[in-house]
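Each remark here refers to the structure printed beneath this line.
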Amino acid sequence: MTESLSFKQALSVLSKSSPYSVATERSQSISTGLDGVKKYLYVETDIEKDFEKELSSLSVGQRKIIFLCGSSGDGKSEILTKYSQKFKSRANFHLDATHSFSPQDTAIQTLDKLFDTFSDNNHPLVVGINVGMLGNYAVEGENECVANSIQAFLNNKSTHEEHVFLDFEQYPKFKLEVAGHTSEFAKSLLQRITATDDNIIRQFFDKEIESDSCDKRLCANYELLSIDAVQDVVIDLLFKARLMKDQFLTARALLDFIYHLLTAPKYLFDNLFIPDENELAAKVAEFDPANIRSKLTDDFVLSHSLRLPDESLNEYKKALRTLNITITTATHASSYLRLFYVLRKHEFSNNYHQNFNAVFKESLIETYSSVWHLHQGFDNSTEQKHALRTFYKDVVVTAIHKYNNRNAVGFHKGDFFISKHNEYYLASSLEIKANMNDIKFDVEKTVAHFNAYLKIGTETVSLQINSNLLSLMLRIVEGYRPNKHDKSTVVLLDEVVEKIAELANASDTLYIIKDKNRFNITNVDDEFEVSGI
């Protein structure tokens, strides 16, 4: 270490307010110590490997434009800055498509000039560009060839052969596997920050913990984050934020989130659920385990508030001091529950925290993962067909029927409500089942949702099911009635119900139902037969 930096100052490189949060081509160093931390934190990603392959394959005079595209904060600048000097003889680099060369030019005009120059000199070009700017250029750009190619890329169609698009969206930060979800990027970064060997950050930690003015809470947070099982819980929460809150994980946001976990005023288990300006912290805070209501947690909160004796807990609290965590009788019960949640996968002391594991069980995530795999990895086997039929019958079709018929009276099983006219209900009988063929040939791959296919007669209706819709369906099956708080999710159910109602209305047999009276209207060769009178 060449500078006298404190542990917290060394960690400041992680913060989004740090000048190191955005990579630039600096001529002078800000701090040799912080430069070292920044360099150490770098984690190579799959998109970077593919980007380097494209650059390595370039030859002088080759007509090729490489677009490195993504969203703000996902690491484009880091990659472009790293390779712009190494490959400057092979290609021209435009690191940020939102910049212009002169105050008079807009970003679009600057791109026009870049593409015109490329057309004139046949020298390869590399452009770092946000997806939003791609859309703007497709509409406003004057270079017709490039604009058409960008529009084709945005529409998932074939692009011009001279244009290569490397998009961060095509390199998902999370993977759903049979054994569970993983995030290689987040795990690699957490392991790098907390590694025990050859870790410049741990050197600052070791120096801090030996100093007379040691920041004990900061050190305790670092020790907690160094526990492998705690890292897995943090990644679990980030995955939940992605699944249930549509929160994307970018490199800059993740680094800032880790900085928040370590340096915010409280212990890591509380910091994890304190809303912050960081977008990840704001979403993760919504999963606060202290808000889970169960007999076990309620009994614990009551016992804690009455200060009832608990020898097992006292033994556990003493052991926490080995992690530099000091918990007193004044510590709020919610902090205990958060600590138990964070340590739930870790063996520690007398494992008092594991008494609460059943409360913290993520059954929705497990169910979602199971049915997601049934759809994404459908192999047409008898076992998978049986599992899919069971899921569609017990969850999808049952939830649709219960939701659609929620206000109907006197309906038989299988009746599908179409409309109400005064006191009379119009209904039809539909057989709805899984369309195995469409499930088999579905090619969309994203962890955010899976596509369900409902076969109704000769027609097929698709339904995009994310974790929130699955949760709503499971609750409807158990008798839940959606309300205004489900507005954003129930709209997905409304759309599919509307499509099914159109098919039901076109059925050859309709029912008119009032109380216990039931009249059938059947279309026979364009003539209607009425029965049940």
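The values are calculated or read from the model by the stated rules, or taken from the named source; none is laboratory data. Source: prediction; values computed, not measured. Glycine also receives a Cβ, built like all others from the backbone with ideal geometry; neighbour counts cover every protein chain displayed. Remember, those area values only see protein heavy atoms, side chains included, never the ligands or the DNA or RNA. Shrake-Rupley method; radii C 1.70, N 1.55, O 1.52, S 1.80 Å.
Just one residue in the set 156, 143 is in contact with a Ser or Thr (Cβ under 9 Å, 6 or more places away or on another chain) and more than 21 Å from residue 251 (Cα to Cα); that residue is 143. Can you name the condition, by its number, that residue 481 falls short on among (1) surrounded by fewer than 18 Cβ atoms within 10 Å (Cβ to Cβ); (2) outside any loop (DSSP other than H, G, I, E, B)? With (1) surrounded by fewer than 18 Cβ atoms within 10 Å (Cβ to Cβ); (2) outside any loop (DSSP other than H, G, I, E, B) applied to residue 481, the lone miss is (2).
The single condition among (1) of a type in the set (Phe, Trp, Tyr); (2) within 20 Å of residue 331 (Cα to Cα); (3) open to solvent by less than 20 Å² (accessible area, probe 1.4 Å) that residue 267 does not meet is (3). Residue 356 fulfils the conditions (1) over 30 Å from residue 432 (Cβ atoms); (2) within 25 Å of the chain's Cα centre (by Cα); (3) at pLDDT 95 or above except for a single criterion, (2). Restricted to segment 121-218, the set of strands (runs of 3 or more DSSP E) holding at least 2 residues that are open to solvent by 30 Å² or more (accessible area, probe 1.4 Å) and more than 22 Å from residue 10 (Cβ to Cβ) comprises 175-177, 180-182. Of all the residues in segment 374-387, those that are open to solvent by less than 60 Å² (accessible area, probe 1.4 Å) and part of a loop (DSSP other than H, G, I, E, B) number 3. The criterion of being open to solvent by less than 60 Å² (accessible area, probe 1.4 Å) and part of a loop (DSSP other than H, G, I, E, B) holds for residue 331. Only one of the numbered conditions (1) in contact (Cβ under 8 Å) with a residue 60 or more places away in the chain; (2) open to solvent by less than 40 Å² (accessible area, probe 1.4 Å); (3) in a loop (DSSP other than H, G, I, E, B) is violated by residue 97, and that is (1). In segment 471-490, the residues that are under 18 Å from residue 240 (Cα atoms) reach residues that are among the charged types (D, E, K, R) and open to solvent by less than 100 Å² (accessible area, probe 1.4 Å) with C-beta atoms within less than 8 angstrom, at least six apart or across chains, in these pairs: 472/486. Among residues that are in contact (Cβ under 8 Å) with a residue 12 or more places away in the chain and closer than 21 Å to residue 448 by Cα, residue 255 is not included. Scanning segment 3-24 for residues that are at pLDDT 80 or above and out of contact with any Phe, Trp or Tyr (no Cβ under 7 Å at 6 or more places or on another chain) returns 4, 6, 8, 9, 12, 16, 17, 18. For segment 415-448, the set of residues classified as within 17 Å of residue 462 (Cβ to Cβ), in a loop (DSSP other than H, G, I, E, B) and not small (Gly, Ala, Ser) consists of 430, 435, 441, 442, 443, 444, 445, 446, listed by residue number. Only one entry of 399, 452 meets the criterion of being open to solvent by less than 20 Å² (accessible area, probe 1.4 Å), modelled with pLDDT of 90 or more, closer than 22 Å to residue 243 by Cβ and outside any helix (DSSP H, G or I), and that entry is 452.
Condition test on residue 109, is it closer than 25 Å to residue 88 by Cα, among the polar types (S, T, N, Q) and assigned to a helix (DSSP H, G or I)? Criteria met by residue 109.
Could you grab me the full set of residues in segment 258-296 that are among the acidic types (Asp, Glu) and in contact (Cβ under 8 Å) with a residue 12 or more places away in the chain? Steps first, answer last, please.
Looking only at segment 258-296, we keep the residues that are among the acidic types (Asp, Glu), and these are 270, 276-277, 279, 286, 288.
Residues satisfying the conditions are 270, 276, 279, 286, 288.
Note on segment 350-373: residues that are buried (at least 16 other Cβ atoms within 10 Å of the Cβ) and touching a residue at least 60 places away in the same chain (Cβ under 8 Å) amount to 11.
With respect to the conditions (1) open to solvent by less than 30 Å² (accessible area, probe 1.4 Å); (2) closer than 12 Å to residue 281 by Cα; (3) not in a loop (DSSP other than H, G, I, E, B), residue 255 falls short on a single one, namely (1). Output the residue which, of all residues in segment 34-48 that are in contact (Cβ under 8 Å) with a residue 40 or more places away in the chain and open to solvent by less than 20 Å² (accessible area, probe 1.4 Å), is farthest from residue 196 (Cα to Cα). Among those residues, the one meeting the criterion is 47. Scanning segment 278-313 for residues being of a type outside the set (A, V, I, L, M), open to solvent by 60 Å² or more (accessible area, probe 1.4 Å) and over 27 Å from the mean Cα position of the chain (by Cα) gives a total of 7.
Suppose the filter is touching a helix residue (DSSP H, G or I) at 6+ places or on another chain (Cβ under 6 Å), part of a helix (DSSP H, G or I) and polar (S, T, N, Q); does residue 303 pass it? No. Consider residue 347 carefully, then state whether it is acidic (Asp, Glu) and more than 22 Å from residue 271 (Cβ to Cβ). Against the criterion (acidic (Asp, Glu) and more than 22 Å from residue 271 (Cβ to Cβ)), residue 347 qualifies.
Scan segment 484-508 residue by residue and report those that are closer than 20 Å to residue 418 by Cα, among the charged types (D, E, K, R) and either assigned to a helix (DSSP H, G or I) or open to solvent by less than 40 Å² (accessible area, probe 1.4 Å) (or both). Matches in segment 484-508: 494, 495, 498, 499, 502. Within segment 96-141, the set of residues being at pLDDT 90 or above, closer than 19 Å to residue 64 by Cβ and touching a Cys at 6+ places or on another chain (Cβ under 9 Å) comprises 115, 127, 128, 129, 134.
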